[in-house]
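Undergrad: What follows is a single structure, and I will ask about it in a moment.
The values are calculated or read from the model by the stated rules, or taken from the named source; none is laboratory data. Worth saying up front: this structure is predicted, and the values here are computed from it rather than measured. When we count neighbours, we look across all protein chains shown, and the Cβ atoms used for this are built from the backbone with ideal geometry, even at glycine.
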Amino acid sequence: MSVSTGSRRALEKGPSGWLAAPALIFFLLFAIVPLFGVLFLSFTKWNGLGEITLDGFSSWTTVLTDPITGNAMLVTAKIMFFSFIVQAPISLLLGVFTAGGQKYRAALAVLYFVPLLLSSAAVAIAFKALLDPNFGLGPGLGLPFLAQDWLGNSDLVLFVVVFVIAWQFVPFHTLIYQGGVRQIPTSLYEAAQIDGAGRMQQFFSITLPQLKYTIITSSTLMVVGSLAYFDLIFVLTAGGPGYATRLLPLHMYLTGFKANDMGAASALGVILVVIGLALALVLQRLGGKNRNDSQLEGA
Amino acid sequence: MFNRKLRSTALTAAATVLTLSLAACGSSGPANVSADSPSMWTLTGANQSNTQASVDSWNEAHADQSIKVDFFANDAYKTKVRTAVGAGEGPTFIYGWGGGVLESYVDAGQIEDLTGFLAENPEVKDRYLQSVLKSGEIDGKTYAIPNTTIQPIVLYYNKELFEKVGAQPPKTWDELMALVPKFKEAGVAPFSLGGQSKWPDLMWLEYLVDRIGGPEVFNNIAANKPDAWSDPAVVEALTKIQDLVNAGGFINGFSSIAADSNADQALLYTGKAAMVLHGGWIYQGMKKDAPDFTNNGKLGFTTFPTVEGGKGDPANIVGNPSNFWSVSSKATEGQKNAALNYIKDGMYTEQQSQTLVDSGGVPPVNGIESMLEASPDKDFLTFVYDMAKDAPNFQLSWDQALTPAQGDAMLSNLDQIFLNKITPEQFVTTMNATIGK
């Protein structure tokens with residue numbers, strides 16, 4: 001096969017940078033420009049209707065001294081932490097399980113996929129009805145254990161929210177892991193079998209290390225995604241009872257669109273962006289410096 | 001590369017939150033059929049079919065001025081319409097409650113002054129109960145015209161459950177508290193409450209403060225007088241609320257019940273709760289959802305109990321005098337004219353008033369006594385009509401009367417009171433800090 005020098009150079013340089021232009025323009029218009037708009041608004045006073053007036057740092061002092069902001073951050077951190085420790089192991093194991101070629105596993109994989117097809121609002125409405133202490137699943141089936149005040153008890157509600165989030169998003173991460181596992185060359189397992197490694201040992205010595213980058217990707221999406229949970233919680237609990245599930249994005253929305261304090265809401269938005277970026281960076285660092293090494297050593 | 005990609009994913013994720021809210025501003029302005037056909041945004045629920053019927057019959061007769069109507073859920077509507085109006089994309093007909101929100105529209109120059117329209121069309125002005133029409137005024141000028149029914153807050157009760165435990169509806173606060181253990185023993189929740197929506201909590205505070213301290217207490221708060229929340233009536237009312245909560249007065253899980261789902265009404269007519277303090281509109285809702293309950297004399301209703309030693313007149317009521325139409329000043333001349341024509345000739349026609357009465361609502365207009373008398377719901381309807389006509393003071397719901405910032409803080413803190421997370425004194429301190437905001 002002969003390749004002309006011109007196209008060889010093109011291959012080395014990769015495809016034209018112009019291919020990124022449409023995405024870049026959209027990103028600029030719908031992410032960067034609003035970002036600066038929000039930064040500007042955070043130094044103003046605006047109720048959403050009348051004049052926008054410059055107001056210095058007063059929105060920032062309001063937001064940063066308000067105990068509800070601190071509480072919202074704490075709630076966000078809790079949801080992030082619990083979501084991660086619930087979702088990560090479950091989706092990893094399910095992913096490994098469904099990656100197997102057996103027919104029944106393929107059938108189960110399709111079933112596991114179903115929650116992903118539903119919109120967050122629909123999931124929230126359904127769970128709200130199921131968890132209703134008077135008309136829900138518990139009283140309906142006559143099971144007193146299920147007739148708890150799931151969404152009205154300040155101590156329980158956080159875990160209920162974590163559960164519903166997990167119910168909705170585990171399928172997505174399962175899918176990522178399933179793909180990751182299927183990319184591991186079977187030759188690795190064959191070699192391990194010949195060396196006498198058991199299933200457990202294969203999992204810990206081959207599957208897990210080979211999934212390193214899949215784990216990082218999935219974890220990043222999980223953790224940063226926690227910062228964006230909004231629709232589900234808004235419909236399920238509206239941030240209540242009290243402030244028990246009022247996490248940062250919801251706090252921002254309620255400040256902006258219920259209390260009509262756009263200045264403070266913008267300040268909260270800026271905080272949210274900063275935290276999101278910081279988290280993504282930290283997770284990338286955790287991935288280690290050798291991220292460009294081949295995942296398929298020995299293959 | 002990977003790093004950069006993920007970083008941008010993160011950025012997009014974070015920014016999506018922001019853009020989502022911004023996108024909501026511009027997403028669904030009214031789809032103008034023609035430039036001059038007015039758009040109307042209103043609520044789902046009790047009066048949805050009545051409004052639809054009224055608009056339909058108007059559109060049939062006035063094809064050139066036909067109105068395009070859209071319905072929204074209550075809580076969602078309140079945020080949506082404000083954002084839309086702020087972006088200059090609001091509907092021609094803006095549905096509202098009067099009070100602080102109306103005032104903020106007036107301040108921003110977003111709605112039309114209708115004083116002149118009423119002066120030119122005295123028949124429109126004269127058709128309303130003047131006390132209700134007054135709720136659409138800001139600084140002596142009319143900006144909003146009543147469009148639905150009179151909606152005072154009423155104490156509803158389930159007669160069958162009262163017979164079962166051998167009790168009478170409470171006339172005083174002490175009687176009310178004495179009923180709590182009786183119903184609990186019978187395995188029934190004394191009160192239903194849609195606590196997740198927060199505004200149903202407020203009905204308790206509004207009535208208790210009025211009964212204990214009279215209307216002046218809230219008038220001072222609304223007038224932004226310094227430390228107005230420190231009135232002893234507020235602390236006493238909040239203490240009474242917490243007493244009732246601690247006695248188990250409200251149904252299990254009240255703080256997860258949303259009023260928009262009508263579950264709070266369902267608890268009453270399914271016999272799971274004995275009483276509910278709620279707006280006049282839920283009669284219409286129950287009539288639709290549980291006609292057997294409303295039609296066969298199983299539903300009782302009465303006024304809020306008195307409080308011993310209280311200063312307020314027991315005939316005072318709180319609630320929504322009505323809902324209102326305001327006309328957007330950003331609409332075209334054609335839209336405005338069509339809107340005013342509809343208000344003049346299309347609303348509260350004999351036929352529409354009859355539809356409202358048939359649905360179990362009381363239109364805020366004069367001369368409908370005979371229509372109410374002839375209705376199968378006449379007990380409830382005349383009760384509401386007389387209540388509204390004779391009330392020395394009809395206090396607009398506080399969350400609507402105050403500015404949105406104050407109203408939101410009040411509802412959040414009141415929620416904390418119902419959950420026993422803060423003391424009445426803490427409530428007062430926090431709320432005093434919002435005065436003037």
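Undergrad: I'd like to know if the stretch A:196-204 contains one or more residues that are in contact with a helix residue (DSSP H, G or I) (Cβ under 9 Å, 6 or more places away or on another chain) and in contact (Cβ under 8 Å) with a residue 40 or more places away in the chain.
TA: yes
Undergrad: So the check is Cβ under 8 Å with 6+ separation or different chains; which pairs have a first residue in the stretch B:338-362 that's free of Cβ contacts under 8 Å to residues at least 12 places away in the same chain and a second one that's basic (K, R)?
TA: Sorted first by the residue in the stretch B:338-362, then by its partner, the list stays empty.
Undergrad: Here are some conditions: (1) under 22 Å from A:F257 (Cβ atoms); (2) within 13 Å of chain B (Cβ to nearest Cβ); (3) at pLDDT 90 or above. A:T69 meets all but one. Which one does it not meet?
TA: In the conditions (1) under 22 Å from A:F257 (Cβ atoms); (2) within 13 Å of chain B (Cβ to nearest Cβ); (3) at pLDDT 90 or above, A:T69 misses (2) alone.
Yes or no, residue by residue, for (1) touching a residue at least 40 places away in the same chain (Cβ under 8 Å); (2) surrounded by fewer than 22 Cβ atoms within 10 Å (Cβ to Cβ); (3) more than 17 Å from B:L419 (Cβ to Cβ); (4) among the basic types (K, R):
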position	(1), (2), (3), (4)
B:W173	yes, yes, yes, no
B:M177	yes, yes, yes, no
B:F191	yes, no, no, no
B:G195	yes, no, no, no
B:D201	yes, no, no, no
B:E206	yes, no, yes, no
B:G214	yes, yes, yes, no
B:A222	yes, yes, yes, no
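Undergrad: Another one. Note down all Cβ pairs under 9 Å where the first residue falls in the stretch A:121-132 and is without any contact (Cβ under 8 Å) to a residue 24 or more places away in the chain, the second is part of a helix (DSSP H, G or I) and polar (S, T, N, Q), and they're at least six residues apart or on different chains.
TA: Hits for this filter: A:A129/B:S261; A:D132/B:S256; A:D132/B:S261.
Undergrad: Another question about this same structure. Select from the stretch A:252-274 the residues that are under 18 Å from the mean Cα position of the chain (by Cα) and more than 8 Å from chain B (Cβ to nearest Cβ) and list them in ascending order.
TA: Matches in the stretch A:252-274: A:I271, A:V274.
Undergrad: In the stretch A:233-249, how many residues are more than 7 Å from chain B (Cβ to nearest Cβ), part of a helix (DSSP H, G or I) and crowded, with 23+ Cβ neighbours inside 10 Å?
TA: Adding up the residues that qualify gives 3.
Undergrad: Could you figure out which of (1) more than 30 Å from B:A84 (Cα to Cα); (2) outside the structural domain of B:V234 (by TED's automatic domain parsing); (3) of a type outside the set (D, E); (4) crowded, with 21+ Cβ neighbours inside 10 Å isn't true of B:P376?
TA: Every condition holds for B:P376 apart from (4).
Undergrad: Still on this structure, please answer the following. One residue is enough: does the stretch A:200-212 have a residue meeting the conditions away from chain B (no Cβ under 11 Å), basic (K, R) and part of a helix (DSSP H, G or I)? Steps first, answer last, please.
TA: Restricting attention to the stretch A:200-212, the residues satisfying the condition of being away from chain B (no Cβ under 11 Å) are A:200-212.
With basic (K, R) added as a condition, the list becomes A:212.
Narrowing further to those that are part of a helix (DSSP H, G or I): A:212.
There is at least one residue in the stretch A:200-212 that is away from chain B (no Cβ under 11 Å), basic (K, R) and part of a helix (DSSP H, G or I).
Undergrad: Quick one: B:P181 ticks every box in (1) more than 21 Å from B:E425 (Cα to Cα); (2) under 22 Å from the mean Cα position of the chain (by Cα) bar one, so which box is it?
TA: (2)
Undergrad: Could you tell me whether the stretch B:285-299 includes any residue that is at positive phi and within 14 Å of chain A (Cβ to nearest Cβ)? Talk me through it step by step, then tell me what you get.
TA: Going through the stretch B:285-299, the residues at positive phi turn out to be B:297.
Next cut, within 14 Å of chain A (Cβ to nearest Cβ) only: none.
No; the residues of the stretch B:285-299 include none that is at positive phi and within 14 Å of chain A (Cβ to nearest Cβ).
Undergrad: Restricting to helices (runs of 4 or more DSSP H) lying wholly in the stretch B:331-406: which have 3 or more residues that are in contact with a strand residue (DSSP E or B) (Cβ under 9 Å, 6 or more places away or on another chain) and over 30 Å from B:A433 (Cβ atoms)?
TA: Numbers: elements: B:333-341, B:350-358, B:369-373, B:378-390, B:398-401.
Passing ranges, in order: B:333-341, B:378-390.
Undergrad: Report yes if some residue within the stretch B:242-254 is farther than 25 Å from B:A178 by Cα and either out of contact with any His (no Cβ under 8 Å at 6 or more places or on another chain) or free of Cβ contacts under 8 Å to residues at least 60 places away in the same chain (or both); otherwise report no. Don't jump to the end; show me each part of the working.
TA: First, pick out the residues of the stretch B:242-254 that are farther than 25 Å from B:A178 by Cα: none.
No, the stretch B:242-254 has no match at all.
Undergrad: Which count do you get for residues in the stretch A:217-232 that are among the aromatic types (F, W, Y) and at the interface with chain B (Cβ under 9 Å from one of its Cβ atoms)?
TA: Taking the stretch A:217-232 and keeping what is among the aromatic types (F, W, Y), we get A:229-230.
Checking the rest, the ones that are also at the interface with chain B (Cβ under 9 Å from one of its Cβ atoms) come to A:230.
Result for the stretch A:217-232: 1.
Undergrad: Please determine whether any residue of the stretch A:176-186 is out of contact with any Pro (no Cβ under 8 Å at 6 or more places or on another chain), within 14 Å of chain B (Cβ to nearest Cβ) and either modelled with pLDDT under 90 or part of a helix (DSSP H, G or I) (or both). Can you show your working first?
TA: Taking the stretch A:176-186 as the starting set, the residues that turn out to be out of contact with any Pro (no Cβ under 8 Å at 6 or more places or on another chain) are A:176-186.
From what's left, within 14 Å of chain B (Cβ to nearest Cβ): A:176.
Within this subset, residues satisfying the condition of being either modelled with pLDDT under 90 or part of a helix (DSSP H, G or I) (or both) are A:176.
Yes, the stretch A:176-186 contains at least one residue that is out of contact with any Pro (no Cβ under 8 Å at 6 or more places or on another chain), within 14 Å of chain B (Cβ to nearest Cβ) and either modelled with pLDDT under 90 or part of a helix (DSSP H, G or I) (or both).
Undergrad: Out of all the residues in the stretch B:221-275, which are part of a helix (DSSP H, G or I) and of a type in the set (V, I, T)? Full working, then the answer.
TA: To start, the set of residues in the stretch B:221-275 that are part of a helix (DSSP H, G or I) comprises B:221-222, B:228-230, B:232-246, B:254-256, B:259-261, B:263-269.
Of everything in the stretch B:221-275, those that are part of a helix (DSSP H, G or I) and of a type in the set (V, I, T) turn out to be B:I221, B:V234, B:V235, B:T239, B:I241, B:V245.
Undergrad: Could you list, in sequence order, the residues of the stretch B:400-416 that are of a type outside the set (G, A, S) and more than 10 Å from chain A (Cβ to nearest Cβ)? Please lay out each step first, then the result.
TA: First, the residues of the stretch B:400-416 that are of a type outside the set (G, A, S): B:400, B:402-404, B:406, B:408, B:410-411, B:413-416.
Scanning the stretch B:400-416 gives B:Q400, B:L402, B:M410, B:L414.
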